[in-house]
Amino acid sequence: MRVLVTGGTGYLGRAIVHALVRRGHDPVVFARQASRAGLPGRAIDADIRDRQAVVAAARGCDAMCHAAALVSLWRPDPRDFDRVNVGGLEHALEALRHAGLRRLVYTSSFLARPPAGRPTPILANDYQRTKVAALGVARRAQLAGQPVVILYPGVIYGPGARTEGNLLGRLLADHFAGTLPGLIGPDRIWSYAW
């Protein structure tokens, strides 16, 4: 099966690409610098904010794993989060319709859902705000009959680059190096995904 992986060079995207190859699938890696990443499969250098590029990349694919996201606590222009996290999903859904894909697997976040004991999600920053908005877009697509699967991973961590996509790995490395005095909020229960 040929699978388009948006955000294919990110921390999660790389793991998805390698998992697809191990299972005998043909990944299409979609990212701004996909050709420089040295990943298996076909590389497409493009931006998730470019609707036409996403639609074109989906042609000839059977399915899509939409993992492209702006994972950060802050950006000077908060609209960047809207363009990537919400607009990127809208572009992926348009590509799903135009290419006739059998399935779109959308990586949401546990932060898009209400924590235990609360009726609504927390909107503490633009990442959370836009992941909540994108979840609404994905759910409406499901209700309209589109073949969308929504995943809610916890804080993703593991070996490899210590990026914002591997935040726990970075925090632990900083703590062990003595550059972070402790992990903030030990009274909070969080969800984790290896």
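The values are calculated or read from the model by the stated rules, or taken from the named source; none is laboratory data. These figures come from a predicted structure and were not determined experimentally. Cβ sites come from the backbone with ideal geometry, for glycine too, and all protein chains shown count toward neighbours. With ligands, DNA and RNA removed, areas are computed over all heavy atoms of the protein, side chains included. Shrake-Rupley method; radii C 1.70, N 1.55, O 1.52, S 1.80 Å.
Given a Förster distance of 22 angstrom, what is the FRET efficiency for Thr179 paired with Asp47, based on the Cβ-Cβ distance and rounded to 0.05?
Values: r = 33 Å, r/R0 = 1.49.
After rounding, the FRET efficiency stands at 0.10.
Could you tell me the ratio Rg/Rh of the stretch 1-88? Both radii from Cα atoms, Rh via Kirkwood.
Working: Rg = 12.7 Å, Rh = 13.0 Å.
Reported Rg/Rh, Kirkwood definition of Rh: 0.98.
Suppose every K and R has +1 on its Cβ and every D and E has -1 on its Cβ; what is the size of the dipole of the stretch 6-80 about the Cα centre, in Debye to the nearest 20?
Numbers: 11 positive and 7 negative charges, 23 e Å.
That gives a dipole near 120 debye.
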Which order do the peptides 115-121, 38-44 come out in when sorted by mean C-beta neighbours inside 10 angstrom, highest first? 38-44, 115-121
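Around Ser108, what is the net charge, scoring Lys/Arg as +1 and Asp/Glu as -1 over all other residues with Cβ under 13 Å from its Cβ? Walk me through the numbers on the way to the answer.
Details: positive: Arg113, Lys131, Arg139; negative: none.
My count for the surroundings of Ser108 gives +3.
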Expressed as an acute angle from 0 to 90° and rounded to the nearest 10, what is the orientation of the C-alpha long axis of helix 11-22 relative to the principal long axis of the chain? 50
Rounded to the nearest 10, the angle in degrees between the Cα long axis of helix 87-99 and the longest principal axis of the Cα atoms of the chain comes to 30
Calculated from DSSP H runs of 4 or more alone, at -39500 (n - 2.57) each and per residue, what is the 222 nm mean residue ellipticity of the chain, nearest 500? -10000 deg cm²/dmol
Ignoring ligands, DNA and RNA, what percent of the 1.4 Å accessible area of the chain is carbon and sulfur? 54
Please state the Cα pair-distance histogram of the chain with 10 angstrom bins from zero: what percent is in each bin? 9, 35, 36, 16, 3, 0
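Where nothing but the Cβ of Lys and Arg (+1) and of Asp and Glu (-1) is charged, how large is the charge dipole of the stretch 76-175 around its Cα centre, in debye to the nearest 20?
On the way: 13 positive and 8 negative charges, 81 e Å.
Approximately 400 debye in magnitude.
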The stretch 17-61: C-alpha gyration tensor shape, a/c 1.5 cut-off, then a/b vs b/c: oblate
Dividing the Cα convex hull volume of the stretch 66-181 by residue count, how many Å³ per residue is that? 131
Specify whether the C-alpha gyration tensor of the stretch 45-131 places it in the rounded, prolate or oblate class, a ≥ b ≥ c being the square roots of the eigenvalues: rounded for a/c under 1.5, otherwise prolate if a/b is larger than b/c and oblate if not. oblate
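Given contacts defined as C-alpha pairs under 8 Å and at least six residues apart, what's the relative contact order of the chain, whole-number percent? Spell out each step's value before the answer.
Values: 359 pairs, mean separation 33.5, N = 194.
Computed value for the chain: 17 percent relative contact order.
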Can you list the residues, at least 5 places off or on another chain, whose amide H is less than 5 Å from the amide H of Val155, using H built in the peptide plane? Ser191, Tyr192, Ala193
